[in-house]
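Everything on this sheet refers to the single structure shown next.
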């Protein structure tokens, strides 16, 4: 019996770990580790080890379905395409192309995302987005403004050469476990690790300095650190003069942000703030790693800019061991954004509101009448659906009915659409609301390129066929496009990458042939270019090659504790689950390890409410209520509670308040009330 | 040989548990335990020199093969004495005994070691101590970490 090892990229987080799928008799028979992988070096987290469990899962969608009454009937692909074309065309004809909205997927390949945004725009709709909106849209806005590029500046292995690692708003030990090996390596070399988080987590176990701040006070903390650094003369004056603009304004803006004042707002001891600021500024190479704890706030963009400011005044950019590192949560969030599956950007971050962009892509795609943006963001699409201006939606590989805040409203909004087509691998809560459901393929059942959190582009090979008559997402999009009368002639993923090479300058040199030899980090402007693992080594892609220091003022979170809702709820992830949980909750070895929605509470709060460890409690916010198991401990401070968002209950509670620029909802802070259920 | 733990490195992610289960047809032999909110410890067979499980095993299923505490499934009666005798609770029985076999037959060595994202598991008994000594040597030479 012959066994073939097919190299693939893990479908879960943005670390981009590689592993082989062993294929025997056209079936996936096991996983083999990949010791020569540059990031994971053969390691895999629990989710990676369980990845094959979703391949032949009995609940996989195996045929196109159409709604009949309360149930579903299987239909053929031609009938499905007919229904989709009719549904989308009718809305377009009756209400214009701007009544259509498209949600692309940060779980799908670059090629799938490129096709999806192209389909949306060729149909005349600017409304295309992906769930990066819910995780890193503030990084796209904030980092583009301050540093001129929205991506991790340095590669993951480079963290090992860092001498001070400042992790803020990221529980990477659970969410990107392999990154911890690089942090430990830096620690072995004497690096100082600072962790800022409202919760004690396995990530804070690695910390030398742990700053347990109040949820939503990140700007205050970062400004306070900047104050200390400026006051103590620890800034990098040369770097500031040579490579930045706006320092004086920042110095003025943080003048009052003394360590004592910062301590009052954040709840972190003043001496720890000073200590952390000195460690970060003084070390010869310091990096900042951040994630959703920075972005998922009504001040998300401000938070990101405050992170940039800190790096810029200390000159901690453009060298090994330095950098600003947004850690991406899904296997292809970076790629989906690069490919222009975003309301405000065409591929390659060309501004959708700029007529030059329209000109460029009209020429590249040989079409006219491309829609000028920006379109509606993922969160705005839902509002527009509720308001009746969006009439039809095509959602691929996303589950907004679970993953968006205030999920009851989302459900109603999607139900009110004239037509909804959902393309996914399972019957998700969103798919339940669709008129037509199309069965897509998972990573191992299709080929394509994926861009991990470091901007590293990797090719993932097809190991097995999709179940039933399910098809690769790229093929489905092409079929939908053709049934709508568009020319979409892409015989395989490589032919799409070919077009990406021509139209996305950052990807110009990342060709299919080169990816066989190994991964390449964008920007890679031509076929001889080695790629760019470290950004900003010689200036910034902004006016005069200078980065912008943009002062930000601390604003409290939208919701504060009140007498009716006295506790602050913050949300996040756990090691054995992923996002809305449509995959991990169906994976036996993962769900068995974390089967229930729980709420983590401080012992003191619990005692006051007469709640014991393991009790079932009711969590209420102004938007709704949900039940969960109480888990007591000292991980959160008094007054703060935590819930993982992998289960449907959590986002019933969260607020719809969004960042005013990036439109990301404030998943990380809302006021709640907890009571015993009996 | 056995698999040793560097407790400074474990992040409690349970990758080793899932990997072990995966390569042993659903029966895992390593368990991660959380100690309060401050640490996690993977617990697995120490391959003891004088292994209690081998001493009580009257059928000879559990026995020493050099340094390894080996298990011959053909001889196991499923009596469960080994589970009682093991001071670490890492030999368990359903119908038969189950324990760490160091992924015998897996060329690359134990799966838990290979998969550990944090490099907390290794077959080098000295590694954790060596890492600690190197850290303190550096701290002494450089005048402390900060």
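Per residue of B:125-137, count partner chain C-beta atoms within 10 Å of its C-beta, then hand back the mean as an integer.
Partner Cβ neighbours, averaged per residue: 1.
Would the protein assembly as shown count as rounded, prolate or oblate if I go by the C-alpha gyration tensor, calling it rounded below 1.5 in a/c and otherwise prolate when a/b exceeds b/c, oblate otherwise?
rounded
Which whole number gives the average count of other chain Cβ atoms within 10 Å of the Cβ atoms across peptide A:201-211?
For this peptide, the per-residue mean of nearby foreign Cβ atoms is 3.
Let me know the mean shielding of A:39-47 by other chains, meaning the per-residue number of their Cβ atoms within 10 Å of its Cβ.
Mean shielding by partner chains, rounded to a whole number: 6.
Label points 7 Å out from Cα along the Cβ direction at residue A:489 and residue A:618: separation in nm?
Once both label points are built, they end up 6.3 nm from each other.
Measure off 7 Å from each Cα along the Cα-to-Cβ vector at residue B:74 and residue B:104, then give the distance between these two points in nanometres to one decimal.
1.1 nm
If the chain between residue A:24 and residue A:189 were fully stretched, how many nm would it gain, using 0.36 nm times the residue separation less the Cα-Cα distance?
55.0 nm
If we sort A:346-357, A:152-163 on the protection proxy, mean other Cβ atoms within 10 Å, highest first, what's the order?
A:152-163, A:346-357
So how tilted is helix B:127-142 from the main axis of chain B? Cα-based, degrees 0 to 90, rounded to 10.
Tilt of helix B:127-142: around 10 degrees.
Can you tell me the length gained on complete extension of the stretch residue A:537 to residue A:369, counting 0.36 nm per residue apart and subtracting the Cα distance?
Additional length available on full extension: 56.6 nm.
Quick one: length gained pulling residue B:129 to residue B:27 fully straight, 0.36 nm per residue minus the C-alpha distance?
Net length gain for the segment: 33.6 nm.
Order of A:272, A:218, A:610, A:473 from fewest to most other C-beta atoms within 10 Å?
Ranked by crowding around the Cβ, least crowded first: A:610, A:272, A:218, A:473.
Grab the DSSP H runs of chain A that are 4 residues or longer, score each as -39,500 (n - 2.57), total them, divide by all residues and round the 222 nm result to the nearest 500 deg cm²/dmol.
Computed mean residue ellipticity for chain A: -8500 deg cm²/dmol.
Label point 7 Å out from residue B:88 along Cα-to-Cβ: which residues of the stretch B:40-59 have amide N under 12 Å?
The answer is B:42-53, whose backbone nitrogens lie closer than 12 Å to the label point.
Once you order the gyration tensor axes a ≥ b ≥ c over the Cα atoms, which shape class does the stretch A:187-279 get: rounded for a/c under 1.5, otherwise prolate or oblate by comparing a/b with b/c?
oblate
Ranked by Cβ crowding within 10 angstrom, fewest neighbours first, how are A:137, A:89 ordered?
Listed from fewest to most nearby Cβ atoms, that is A:89, A:137.
Can you give me the relative contact order of the stretch B:4-142 as a percent, contacts being Cα pairs under 8 Å and 6 or more apart?
Relative contact order comes out at 26 percent.
Averaging sequence separations of C-alpha pairs under 8 Å and six or more residues apart, then dividing by the length of the stretch A:638-678, give the relative contact order as a whole percent.
24 percent
State whether the stretch B:4-142 is rounded, prolate or oblate according to the following rule on the C-alpha gyration tensor (a ≥ b ≥ c being the square roots of its eigenvalues): a/c under 1.5 gives rounded; otherwise a/b larger than b/c gives prolate, and the remaining case gives oblate.
Note, shape of the stretch B:4-142 comes out prolate.
Give the percent of DSSP beta bridges with both residues in the stretch A:567-676 that are antiparallel, rounded to the nearest 5.
Among the beta bridges of the stretch A:567-676, antiparallel pairing accounts for roughly 60 percent.
Only bridges whose two residues both fall in the protein assembly as shown count here: according to DSSP, what percent of them are antiparallel, nearest 5?
Expressed as a percentage, antiparallel bridges in the protein assembly as shown total about 55.
Take the alpha carbon atoms of the stretch B:38-76, find their center, do the same for the stretch A:234-303, and report the distance between the two centers in whole angstrom.
If we compute the Cα centre of each part, the gap is 54 Å.
What distance in nm separates the two pseudo spin-label positions at residue B:65 and residue A:90, each 7 Å out from Cα along the beta-carbon direction?
Result: 6.8 nm between the two label points.
Sort A:590, B:96 by Cβ crowding within 10 Å, fewest neighbours at the top.
Least to most surrounded, the residues fall as B:96, A:590.
Bear in mind these aren't lab numbers, they're just calculated from the coordinates by the rules spelled out. Small disclaimer: the values here were computed from a predicted structure and weren't measured. As a convention, Cβ positions derive from the backbone with ideal geometry for all residues, glycine included, and neighbour counts pool all protein chains shown.
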